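Have a look at the structure below, then the notes.
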Amino acid sequence: MVFITTTRQISWDCVQVTLSMGSSFFIRTCYLQVLVDHEIVVNRHLSDVELEDLIAAGLVFAAEKAAMGYLERAEHSRHLLTVKLKKKGYADVSIQRALDYLEERSYLSDLRYAESWLRNRAINHAEGRSKLLSGLLSKGIDGKIANAALDNYFHTIDEDAVLNMAIEKCLRLGKSQEAMERYLARKGFSYKQIKSKISNL
């Protein structure tokens, strides 16, 4: 039977565990589903179920650390992290439990990611709400979250001013009115917005 040979407390909820079979890994005690934290002690013999629980907790912790590595570099959506972690070989169950933990503690936020994406997108693109919404949805952002991010974005950015920028670009390129209308529609501005602006040109 496998037993615990050493433990090392890393933080209040994180422990490094070494097993008699030679494996050594970190776990977060909240990831345990069978064992409880006070049962993680030296010389404790583990049943097959307990051993599986301990290893599963270690795999979730590893997925969490990998996700944090990405988040420390830039905001990520849950969908984007899921894709990246799957490519790294982490199992779905480990990924989802790790991302749940990070969301609960606000390390991961689809709303923050969406707002960051909108700010970065605005640097080189003049686009209307529907185009931006489509972009966020394509990134796996939930519709309600995407619309909340857009509400926040257009609370500080005047969509009318963005439309004026897009029209100025069309004028510089010498587009006809018909071509301009098609271009602005593709950029996500509504027919009403486009007509009200172009009629004044």
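The values are calculated or read from the model by the stated rules, or taken from the named source; none is laboratory data. Given the structure is predicted, the values throughout are model-derived calculations rather than measurements. Neighbour counts run over all protein chains shown; Cβ positions are idealised from the backbone, glycine included. Side chains are part of the model used for accessible areas, which takes the heavy atoms of the whole protein and leaves out ligands, DNA and RNA. Shrake-Rupley method; radii C 1.70, N 1.55, O 1.52, S 1.80 Å.
Sort through ILE157, ILE95, ILE167 and tell me the only one that's within 30 Å of ALA57 (Cβ to Cβ) and either in contact (Cβ under 8 Å) with a residue 24 or more places away in the chain or touching a Ser or Thr at 6+ places or on another chain (Cβ under 7 Å) (or both). After ruling out the rest, the residue left standing is ILE95. If you go through segment 97-115 and keep only what is surrounded by fewer than 16 Cβ atoms within 10 Å (Cβ to Cβ) and more than 12 Å from the chain's Cα centre (by Cα), you end up with GLU104, ARG105.
The set of residues in segment 118-165 that are in a helix (DSSP H, G or I), among the aliphatic types (A, V, I, L, M) and modelled with pLDDT of 95 or more comprises LEU118, LEU132, LEU133, LEU136, LEU137, ILE145, ALA146, ALA148, ALA149, LEU150. Restricting the first member to segment 39-53 and to residues that are free of Cβ contacts under 8 Å to residues at least 40 places away in the same chain and open to solvent by less than 60 Å² (accessible area, probe 1.4 Å), and the second to residues that are charged (D, E, K, R) and not in a helix (DSSP H, G or I), the beta-carbon pairs closer than 9 Å and six or more apart or on different chains are GLU50/ARG44. Among the residues of segment 166-200, those identified as of a type in the set (Ser, Thr, Tyr) and either touching a Gly at 6+ places or on another chain (Cβ under 9 Å) or in a helix (DSSP H, G or I) (or both) are TYR183, SER190, TYR191, SER196.
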